[in-house]
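Student: I'd like to ask you about the structure that follows.
The values are calculated or read from the model by the stated rules, or taken from the named source; none is laboratory data. Everything numeric in this text was worked out from a predicted model, so none of it was measured. Note that we place each Cβ from the backbone using ideal geometry, even for glycine, and neighbour counts take in every protein chain shown. With ligands, DNA and RNA removed, areas are computed over all heavy atoms of the protein, side chains included. Shrake-Rupley method; radii C 1.70, N 1.55, O 1.52, S 1.80 Å.
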Amino acid sequence: MNTAAIYHRTESEYAYLYTNELMHVRLRTARADCKSVSLVHGDPYELDKKRWYHQPTVMRKTLSTDLYDYWEVDITAPHRRLSYGFIVTGYDETTVSSLNTVFSS
């Protein structure tokens, strides 16, 4: 897997509020390099109670260019705060993950 091509930036066109309740989260990967991308997300203050990091949400591939694939998912944050991370699995069975935190008001 070409891990150098994996890209995400918080509070940008890769993570934004679409409506008052709905957030779009995107991730970029190298074209035809990843067979699945999942998002784990939840309230950072409920991490120990709900263990949301064990419940990945599958992202859908929404666009492919000559160089990249773009993955997206729509999520909600009932308390307007959100921690999230990605699980990326390549066709070579390599898996990488990362964790980011966004606090929305």
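Student: Starting with the highest mean, order 32-41, 55-64 by the number of other Cβ atoms within 10 Å, averaged over the residues of each peptide.
Tutor: Per-residue Cβ counts within 10 Å, averaged per peptide and sorted highest first, yield 32-41, 55-64.
Student: Here's a follow-up. Suppose every Lys and Arg Cβ carries +1 and every Asp and Glu Cβ carries -1, with no other charges. What dipole size does the chain come out with about its Cα centre, to the nearest 20 debye? Intermediate results must be reported in sequence, preceding the final value.
Tutor: Working: 12 positive and 13 negative charges, 34 e Å.
Dipole size: approximately 160 debye.
Student: If you roll a 1.4 Å probe over the chain with all protein chains in place, what percent of the accessible area is carbon or sulfur?
Tutor: Accessible surface attributable to carbon and sulfur in the chain totals 49 percent.
Student: Got a sec? Charge dipole of the chain, +1 on Cβ for Lys and Arg, -1 for Asp and Glu; which of Val96, Asn20, Tyr68 is way out at the positive end?
Tutor: Towards the positive end, the residue furthest out is Asn20.
Student: Roughly how many nanometres apart are two label points built 7 Å out from the Cα toward the Cβ at Tyr68 and Leu22?
Tutor: Label at Tyr68, label at Leu22, 2.3 nm between them.
Student: Moving on to the next point. Probe of 1.4 angstrom, ligands and nucleic acids ignored: what's the accessible area per residue over the range 13-87, in square angstrom?
Tutor: 57 Å²
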